[in-house]
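For reference, the structure is listed below as structure tokens.
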Amino acid sequence: MGCCVPETPGKNAIEVREVRKVFGAGEAQVVALETVSVSIRENEFFTLLGPSGCGKTTLLRLIAGFDFPTAGQIMLYGEDIAPLPPFKRPVNTVFQSYALFPHMSVAQNIGFGLEMLGKPKSEIKARVAEMLKLVRMEALANRRTSQISGGQQQRVALARALAPQPKVLLLDEPLSALDYKLRKEMQIELKRLQSETGITFIFVTHDQEEALTMSDRIAVMSSGKILQVGTPHDIYDRPAERFVADFIGETNFLKAEVVGQTNGRATVKLSSGVEIPASLPAGFSPAGKVTIVIRPEHAHLAGANDKASLSGVVENVVYLGTDTHFHLRLDDGDAFIVRQQNSRGGGDLVAQGSRAGILIGSDAAQVLKD
Amino acid sequence: MARRTFDIRAQPGFGFMALLTFFALYLPIAALVAYSFNAAESLSRWDGLSLRWFASAWNNSTVQDAAIRSLVLAVWAATLATIVATMAALATTRTRPYPGLTFKYAFINQPLMVPEIVTAVALLIVFSRIKVWTGYSGMGYLILAHTAFCIPFAYLPIRGRLEDMDLTMERAAADLYATPWKTFRYVTLPLLRPAIIAGFMLAFVISLDDVVITEFVKSGGQDTLPTYMLGQLRRETSPEINAIATVFLALSVLLVTVFFFVNRRKT
């Protein structure tokens, strides 16, 4: 776990301190962001993940300066940038629609930021050439932006935002307009750009898969709140709340009762009466009834007569090539899905309609806060 | 049935109505153009093709004088109106909607709603007072009056373009360290250029064409081409007027065509 993130966190590039954003006033008031605080480390690929309307874009716009917080501070390397207009903030944005200037060539677009900063011509020229090389667009430098493809426009938008060497790069769902194959390519490209430039990236997306593959850390947002911040592993394996578990990947929710606790771990009793170990969210020590989650691939099928943690009837078997999903109806009436990887010649042991037991690994169960 | 039932062109009498409308619109103009090439002195006789009335109008110093005045006036009025209209369009689109914004639209477009003759009389009264107080009776009054009624014609295409224009362009410029002025100068203005040219040309044509307000506001010796033509018609109908009208028509068609192409190229 935590393979890609240094265990000793560096200094923070951005610190969002108790920021709140309310649109409108009086009756028509809409709270876009409840009071949120989050720190984004230097050189990190940080993702704000959540469904539309969760406040992720609002938070990004507050960092960019297109909107100003109702309350709170946004610290960029220790300096509060919240009251500054966008043109005074050393952060740049890659827009969802790219927002390339149609009356300028590719090279002029990339050089725009440096030009506005009043850099000398020779420096701009060198830097634009460097950027064109970085995004592999040298051949199209003099094209109009309307004469290049969507994927190429995306690269130009990236180069334009990276050219002034911002302290933080903000990306607002930049891949959503691309088709699947191009999106996959750009995901890898973005990771490469981030590691080559060493710039802190803040990436907004509603695509959980995108977030898991690209990020060093993810903040999961819902209804104007940040629910959990962690590495992709943390978020996937140790979701703290129901929303997080549900939003990312497939999950089984089970009712259980806490019967014992020792340093961050609990023993919970399932509806079957079997007791299994489970992890607890940091700083959370519940008692009594709780909900636990178990990912479908962290459980295994066993014969019905085995000493299984749970047992039920196999209602459906869905073959998906790489693996098979077994949809079970547990004895207490709840649904449960087990995912098993397929291997040739392994044969499928469990037939539809038969009884089966479920084995739960010692580190598979996670207790939720809600 | 092969034809779609609700196709308006399938209705009985459609062709007839269309022809009638075309004739009503274009027959008088066609007649005017035809007569401008008539060699005869009188409108009632056809003496064969000739350019003599064009030559005669061209050499008439009063016509020259009025034509130059018309052009100078139109350039001034269209330029001022376009500047004001651009500022007004920016002020009414680059802002959050607020109560009273619709009222402002109406306010800017007032010349489209108030009958021209009312404005003309009002200006006559006000300007004659000012003339007495200041002693100034130059072209300024005409330029002001024309600018005022040209503003909505310049304003509408510019506002239309600004409303279509994605605000993220300006946001992107600000994000890339452009101050509000530089954003306007390097992003908004270039993107707005076709609409500004279109607005200018519309305003130009409208100013060139005006009779009512000009007639009321002008001082002695300030005839524009349209008021000169009106004055001539009051006395006797000279075929020169036909020739001038034909040139006017050609100029307007040219400007409208250019307007069309300038606007189309952008989309």
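Taking amide H as placed 1.01 Å from N in the peptide plane, A:Ala13 has its amide H under 5 Å from the amide H of A:Ile40, A:Arg41, A:Glu42, each at least 5 places away in sequence or on another chain.
Using the Cβ-Cβ distance between B:Arg193 and A:Asp331 with R0 set to 60 Å, the FRET efficiency works out to roughly 0.20.
Loop-located trypsin sites (Lys or Arg not before Pro) across segment A:282-345 with a Cβ neighbour count of 13 or fewer within 10 Å are A:Lys307, A:Arg344, with loop assigned by DSSP. Here, the protein assembly as shown is characterised by an Rg to Rh ratio of 1.17, where Rg is the alpha-carbon radius of gyration and Rh the Kirkwood radius. Per-residue Cβ neighbour counts within 10 Å put A:Lys21, A:Lys121 in the sequence A:Lys121, A:Lys21, beginning with the fewest. With R₀ fixed at 60 Å, the C-beta to C-beta distance from B:Leu27 to A:Val317 puts the FRET efficiency at about 0.15. Once you sort the root eigenvalues of the Cα gyration tensor of segment A:182-223 as a ≥ b ≥ c, which label holds: rounded (a/c under 1.5), prolate (a/b larger than b/c) or oblate (the other case)? Oblate, because a/c is 1.5 or more while a/b does not exceed b/c.
Shielding of peptide B:161-169 by partners, expressed as the average count of other chain Cβ atoms within 10 Å per residue Cβ, is 2. Under a 5 Å amide H cut-off, with hydrogens placed 1.01 Å from N, A:Val168 pairs with A:Asn92 among residues at least 5 apart or on other chains.
Applying a DSSP loop filter and a limit of 16 other Cβ atoms within 10 Å to the GluC sites (Glu not before Pro) in segment B:128-222 leaves nothing. Any idea what diffusion coefficient chain B gets from Stokes-Einstein, in µm²/s, Kirkwood Rh on alpha carbon pairs, 4 °C, 1.567 mPa s? Estimated diffusion coefficient is 59 µm²/s. Amide H contacts of A:Ile218: A:Thr47, A:Gly230, A:Thr231, each under 5 Å away and 5 or more positions distant or on a separate chain (H built 1.01 Å from N in the peptide plane; Pro and chain starts excluded).
Relative contact order, whole percent, for segment B:37-154 stands at 32, derived from Cα pairs under 8 Å and 6 or more residues apart.
Treating the angle as unsigned and between 0 and 90°, give the value, to the nearest 10°, between the Cα long axis of helix B:239-266 and the longest Cα principal axis of chain B. Tilt relative to chain B: about 20 degrees. Farthest toward the positive end of the dipole of the protein assembly as shown, out of A:Leu62, B:Tyr186, B:Ala243, is the Cα of B:Ala243, where the dipole comes from beta carbon charges about the Cα centre.
Tell me, which longest segment in chain A has none of the chymotrypsin sites (Phe, Trp or Tyr not before Pro) that fall in DSSP loops with at most 15 further Cβ atoms within 10 Å? Free of exposed loop sites, the longest segment is A:78-283. How tilted is helix A:180-197 with respect to the longest principal axis of chain A? Cα atoms for both, answer in degrees (0 to 90, nearest 10). Computed tilt is about 70 degrees.
Taking the Cα centre of chain B as reference, the dipole from Cβ charges on Lys and Arg (+1) and Asp and Glu (-1) amounts to some 760 debye.
Given R0 = 22 Å, the distance between the Cβ atoms of A:Lys133 and A:His103 translates into a calculated FRET efficiency of 0.35. Show log10 I(q)/I(0) for segment A:299-370 at q = 0.13, 0.23, 0.24 Å⁻¹, two decimals, from a solvent-free Debye sum over equal Cα scatterers. The Debye formula, applied to the Cα set alone, gives -0.38, -1.07, -1.14. In segment B:62-266, a dipole from Cβ-located charges (positive for Lys and Arg, negative for Asp and Glu) runs towards its positive end, and of B:Ser207, B:Leu80, B:Val256 it is B:Leu80 whose Cα lies farthest in that direction. Springs between Cα atoms under 10 Å define the GNM used for chain B, and in it the highest mean-square fluctuation of B:Met17, B:Met169, B:Met139 occurs at B:Met17. Only Cα sites of segment A:53-148 enter the Debye sum here, all with the same form factor; the resulting log10 I(q)/I(0) across q = 0.12, 0.17, 0.23 1/Å is -0.51, -0.89, -1.15, listed in q order.
Could you pull out which residues in segment A:46-79 have an amide N less than 14 Å from a spot 7 Å beyond the Cα of A:Lys191, following the Cα-Cβ vector? Residues A:46 fall inside that zone. Where in segment B:98-133 does the amide nitrogen come within less than 12 Å of the point 7 Å from the Cα of B:Leu230, taken along Cα to Cβ? It comes to B:116-118, B:120-121, nothing else. For segment A:101-163, the alpha-carbon coordinates run over 31, 23, 17 Å along the three principal axes, in decreasing order. Note that segment A:238-249 has calculated 3J(HN,Hα) couplings of 10, x, 8, 10, 4, 4, 5, 4, 6, 6, 10, x Hz, one per residue in order, obtained from phi through the Karplus relation 6.51 cos²θ - 1.76 cosθ + 1.60 (θ = phi - 60°); glycine and proline are x.
Relative intensity of segment B:1-136 on a log10 scale, I(q)/I(0) at q = 0.12 Å⁻¹, equals -1.01, per a Debye sum over C-alpha point scatterers of equal strength in the absence of solvent. Within the listed set A:Gly72, A:Gly111, A:Gly283, the Gaussian network model of chain A (springs between alpha-carbon atoms below 10 Å) gives the highest mean-square fluctuation for A:Gly283. Taken along its three principal axes, the alpha carbon spread of chain A comes to 79, 51, 44 Å, from the longest extent down to the shortest. Karplus-based coupling profile of segment B:185-192, in residue order and whole Hz: 5, 9, 10, 5, 4, x, 6, 8, with θ = phi - 60° in 6.51 cos²θ - 1.76 cosθ + 1.60 and x standing for Gly or Pro. About its Cα centre, the dipole of segment A:12-237 is roughly 840 debye, where the only charges are +1 on Lys and Arg Cβ and -1 on Asp and Glu Cβ.
Scalar couplings 3J(HN,Hα) for segment A:115-130, obtained by applying the Karplus form with A = 6.51, B = -1.76, C = 1.60 to θ = phi - 60°, are 4, 5, 7, x, 6, x, 3, 5, 5, 4, 4, 5, 5, 5, 4, 4 Hz; x denotes Gly and Pro.
Annotation note: trypsin sites (Lys or Arg not before Pro) in segment B:1-61 located in DSSP loop regions with a Cβ neighbour count of at most 16 within 10 Å are B:Arg3, B:Arg4, B:Arg45. Once the gyration tensor of the Cα atoms in segment A:250-367 is diagonalised, the equivalent ellipsoid follows with semi-axes of 27, 15, 11 Å, ordered largest first.
Of all the Cα-Cα pairs you can form in segment B:133-267, what percent are over 24 Å apart?
So the portion of pairs separated by more than 24 Å is 50 percent.
Each value in this text was obtained by applying a stated rule to the coordinates, not by laboratory testing. Remember, predicted model here, so these are calculated numbers, not experimental data. FYI the Cβ positions are ideal-geometry reconstructions off the backbone, even for glycines, and counts take in every protein chain you see.
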